[in-house]
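Before I ask anything, here is the structure I am working with.
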Amino acid sequence: MEPITEREIRASFVNCTKGEAKRLSLPADLAERPWEDLDFLGWRDPAAPQRAYLVAPSDDGLVGVALRLAAPGNRPRRTMCSLCLTTHQGDGVVLMTARKAGRGGQQGNSVGVYICADLACSLYLRGKKDAGPGSRLHESLTPEEAATRTAAKVTGFLARVVD
């Protein structure tokens with residue numbers, strides 16, 4: 001992913017108002033992010049722990065979505081991220097839901113995905129971050145192919161939000 005600016009991030013949101021996008025908390029470390037290792041930009045809101053944000057490139061430019069984390073409950077021992085297929089113990093994977101864009105969102109419709117709670121899927125795929133022993137499945141895919149698969153899953157999720 002190419003580095004993106006605060007202005008580009010705020011303009012990318014499809015499922016919140018311009019005012020909401022203007023007020024959301026951006027990551028303080030944008031300049032230090034490992035952009036070359038990212039398939040999407042994801043972060044949790046430090047001021048609102050049940051909120052997260054995801055911004056990804058698409059054929060039409062950047063697409064950003066505001067996410068809400070499901071309330072914590074009894075978690076199985078291990079859960080798997082739907083995007084990068086990394087397994088985590090406890091609450092390392094959470095259900096994140098996004099209000100649909102446009103009329104669907106106005107009617108209260110949303111879509112969800114189980115995703116790494118820290119939104120660091122790209123780093124897990126490339127071995128830049130470790131989720132612990134046995135967290136990555138043995139695959140015959142190269143890291144580049146796994147990243148392509150994850151990017152396609154992110155694109156599919158974003159398409160469901162926009163659709």
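Computed from the coordinates by the stated procedures, all read-outs in this text should not be read as laboratory data. Since this is a predicted model, take the numbers as computed values, not measurements. Using ideal geometry, Cβ is built from the backbone for each residue, glycine included, and neighbour counts are taken over all protein chains shown.
Hey, got the dipole for segment 6-162? About the Cα centre, +1 on K and R Cβ, -1 on D and E Cβ, debye to the nearest 20?
For segment 6-162, the charge dipole is close to 720 debye.
What fraction, in whole percent, of alpha-carbon pairs in the chain exceed 28 Å separation?
17
What is the set of long-range amide H partners of K100 at a cut-off below 5 Å, with H atoms built 1.01 Å from backbone N?
Answer set, sorted by chain and number: G105, N109, S110, V111.
Also, I was wondering about something else. Per the helix-only calculation at 222 nm, which mean residue ellipticity applies to the chain, given -39500 (n - 2.57) for every DSSP H run of n ≥ 4 and division by its residues, nearest 500 deg cm²/dmol?
Taken over the chain, the calculation gives -7500 deg cm²/dmol.
Same structure, new question: ³J(HN,Hα) across segment 87-94 via Karplus (A = 6.51, B = -1.76, C = 1.60, θ = phi - 60°), whole Hz, x for Gly/Pro?
9, 9, 7, x, 9, x, 10, 10
Taking the Cα atoms only, what angle lies between the long axis of helix 143-162 and the longest principal axis of the chain, rounded to 10 degrees?
Helix 143-162 sits at roughly 30 degrees to that axis.
Stokes-Einstein D for segment 109-163 at 25 °C, 0.890 mPa s, Kirkwood Rh over Cα pairs, in µm²/s?
It diffuses with D of about 195 µm²/s by this estimate.
Per 10 Å bin from zero, what fraction in whole % of the C-alpha pairs of segment 8-80 is there, up to the bin with the longest pair?
P(r) over segment 8-80, rounded to whole percents: 17, 46, 28, 9.
A further question on this structure: For segment 44-124, what D do you get in µm² per second when you plug the Kirkwood radius from alpha-carbon pairs into Stokes-Einstein at 37 °C and 0.692 mPa s?
The calculation lands on 242 µm²/s.
Pairs of Cα atoms under 8 Å, at least six residues apart: use those to get the relative contact order of the chain, whole percent.
Relative contact order for the chain comes out at 22 percent.
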